[in-house]
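Read the figures in this text as sums done on the coordinates, not as results from a lab. It should be emphasised that the depicted structure is a prediction, and the values quoted were computed from it without experimental measurement. Here the Cβ is made from the backbone with ideal geometry for all residues, glycine too, and neighbour counts use every protein chain on show.
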Amino acid sequence: MAKSPSPTRKRGARFGLNTGLWLLVFIIAALGAAVWAFREPIKGYGSIASAYSARVACSCRFVAGRSLDDCTKDKLAGMEAVTLSDDPATQSVTARFPLVADATATYRKGYGCVLEKWEE
């Protein structure tokens, strides 16, 4: 005689709600631990990426006279997370690495684009 499936459990369901919820909590905790463990390298790479991008984009924008949209094409591979914004009034470009760092470079006649001092 064949056994019929239990009426309380759907056929084909592998995980219960509790199992799936605990798995989600575990994944979030593991990602949080990884970010915490690598916080210093992430901060360093973010600072370098934002400073480099600000300096290059400022030179592109105010020395070469190109548009900021055109200057974003000059970003290196791996710097897609860095966003750029310019301020034509002060002739400066600010680059931001989300939640980590930002840097501003300003055009100065006779010097080119100069980064503002970093604060830690």
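The table below gives the values:
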quantity	calculated
Order of Asp86, Asp70 under a 10 Å beta carbon neighbour criterion, fewest first	Asp70, Asp86
Neighbour-limited loop hits for chymotrypsin sites (Phe, Trp or Tyr not before Pro), region 64-120 (at most 15 other Cβ within 10 Å; DSSP other than H, G, I, E, B)	Tyr111, Trp118
Exposure proxy order (Cβ contacts within 10 Å, fewest to most) of Ile28, Ile48, Ile42	Ile28, Ile48, Ile42
Relative contact order of region 39-115, defined on C-alpha pairs under 8 angstrom at six or more residues apart (%)	37 percent
Contour excess over end-to-end distance, with Cα ends at Glu40 and Ser85 and 0.36 nm allotted per residue	13.6 nm
Pairwise label distance in nanometres, Asp69 with Phe26, each label 7 Å out on the Cα-Cβ vector	4.8 nm
Loop trypsin sites (Lys or Arg not before Pro), region 46-120 (other Cβ atoms within 10 Å of the site Cβ: 10 or fewer; DSSP)	Lys109, Lys117
